[in-house]
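S.K.: Take this structure first; my questions come after.
The values are calculated or read from the model by the stated rules, or taken from the named source; none is laboratory data. Since the structure is predicted, the reported quantities are computational estimates derived from the model, not experimental observations. A quick note on method: Cβ atoms are made from the backbone with ideal geometry, for glycine too, and the neighbour counts reach across all protein chains shown. Each accessible area value is taken on the protein alone, full model and side chains, heavy atoms only, with ligands, DNA and RNA left out. Shrake-Rupley method; radii C 1.70, N 1.55, O 1.52, S 1.80 Å.
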Amino acid sequence: MTVDKLQGVMQDSAPLALSIDGVTKRYDSGFTLEDVTFDLPAGYIMGLIGPNGAGKSTLIKLILNMIRRDAGSISVLGMDNIRSEEATKEQLGIVFDTHYFIEAWTVRKAGQAMAPMYPTWNQQAFDSYLRRFGLDERKKVKELSRGMQMKLMLAVALSHDAKLLILDEPTSGLDVLGRDELMDILHEYIEDGAHSVLFSTHITDDLEHAADFITYITGGRLYYSGPKDEFEDSFRLVKGGPEQFELLQGRALGTHHYATGFDALVSVSAAENLRDGNAHLAIEPVSIDDIIRLTNIKENSR
């Protein structure tokens, strides 16, 4: 999907699957998730990214009302996630990085235990996903690999017509084929425009293939939220030798120095200015990994 189309969606008052407004959470440890605001339009996939400890898991817990926010509001499908907690959670499908089942349960028992929690539970859909994912209903949860446990959580999430899937590191236990399969499932899931996905991940290749939007949090603060392509197109990677670093003249948003030179993240406009008369500087497109790496590296200046 093009940036123009995504921006049109954001500007045309499309229905929102998720709306986060000024959300803040303070911990006694000193860490604060500070004034986070973004929207996820219905019918799209948003990747939630950031380094370890950035606040991604805190944000997901706040959406699920597992912890209480200190400020701000969270709306899920137009409902306040605290005032309408039960109705909200009926519309959510959750896949954590670790499973929430009793380990002695069989796969079949896990489905039976989850079914009464959702008025829209579809047993035929659950059985279909078990077959699709190769899950043996007789196996116990503790006998499943981490990847298969994730697939079991996904089967539960998809079997009660959840309107919003929230996935926390869903691909961390999967091989390349399993990750591709999951991305296919997510695309199928949002095709009707009524279903949406928020997923946090550190495997940015998945975002390249699946995400329409990116929300990037670092140090407890929102760095960017918007179309994925616009995120990448806003920056350039500049490479040069040690003696060329002074050419940046404070333009670098993040820098990594090494013995033979440096990598630096700069804005597109700064990159265009650097092209003139600086033929020995290499100016390249950036990846999502480059942006995360260079906006979090401790060596931000020489």
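S.K.: Could you tell me which numbered condition residue 244 fails, if it satisfies all but one of (1) more than 27 Å from residue 185 (Cβ to Cβ); (2) assigned by the TED database to the domain that holds residue 52?
M.R.: So the condition that residue 244 fails would be (2).
S.K.: From the set of residues in segment 78-108 that are in contact (Cβ under 8 Å) with a residue 40 or more places away in the chain and more than 18 Å from the chain's Cα centre (by Cα), which is surrounded by the most Cβ atoms within 10 Å (Cβ to Cβ)?
M.R.: 107
S.K.: I want to confirm something. Restricting to segment 165-203 and keeping residues that are polar (S, T, N, Q) and open to solvent by less than 10 Å² (accessible area, probe 1.4 Å), which single residue is modelled with the lowest pLDDT? Don't jump to the end; show me each part of the working.
M.R.: At the first step, the residues of segment 165-203 found to be polar (S, T, N, Q) are 171-172, 196, 200-201.
If we keep only those that are open to solvent by less than 10 Å² (accessible area, probe 1.4 Å) as well, we get 171, 196, 200-201.
Values: 171: 74, 196: 97, 200: 91, 201: 85.
Among them, the one singled out is 171.
S.K.: Further, regarding this structure: Return the total of residues in segment 153-181 being closer than 19 Å to residue 107 by Cβ, assigned to a loop (DSSP other than H, G, I, E, B) and within 17 Å of the chain's Cα centre (by Cα).
M.R.: 3
S.K.: OK, next. Taking the condition under 16 Å from residue 128 (Cβ atoms) and assigned to a loop (DSSP other than H, G, I, E, B), does residue 194 pass? So that I can check it myself, show each step before the final result.
M.R.: On the way: under 16 Å from residue 128 (Cβ atoms): no; assigned to a loop (DSSP other than H, G, I, E, B): yes.
No; evaluated as a whole, the condition is false for this residue.
S.K.: Answer yes if at least one residue in segment 6-19 is within 14 Å of the chain's Cα centre (by Cα) and modelled with pLDDT of 95 or more, and no otherwise.
M.R.: Within segment 6-19, the first condition is being within 14 Å of the chain's Cα centre (by Cα), and the residues that meet it are 18.
So of that shortlist, the ones also modelled with pLDDT of 95 or more come out as 18.
Looking for residues that are within 14 Å of the chain's Cα centre (by Cα) and modelled with pLDDT of 95 or more, one finds at least one in segment 6-19, hence yes.
S.K.: Does any residue in segment 62-75 that is at positive phi come within less than 6 Å, Cβ to Cβ, of a residue that is buried (at least 18 other Cβ atoms within 10 Å of the Cβ) and assigned to a strand (DSSP E or B) six or more places away or on a different chain, and which pairs are these?
M.R.: From residues that are at positive phi, the pairs are 72/23.
S.K.: Only residues that are assigned to a strand (DSSP E or B) and closer than 23 Å to residue 161 by Cα: list them for segment 37-54, please.
M.R.: Taking segment 37-54 as the starting set, the residues that turn out to be assigned to a strand (DSSP E or B) are 37-41, 45-49.
Those that are assigned to a strand (DSSP E or B) and closer than 23 Å to residue 161 by Cα: 39, 40, 41, 45, 46, 47, 48.
S.K.: Among the candidates 264, 210, 282, 259, single out the residue that is outside the structural domain of residue 55 (by the TED database), out of contact with any Asp or Glu (no Cβ under 8 Å at 6 or more places or on another chain), open to solvent by less than 10 Å² (accessible area, probe 1.4 Å) and among the hydrophobic types (A, V, I, L, M, F, W, C).
M.R.: 264
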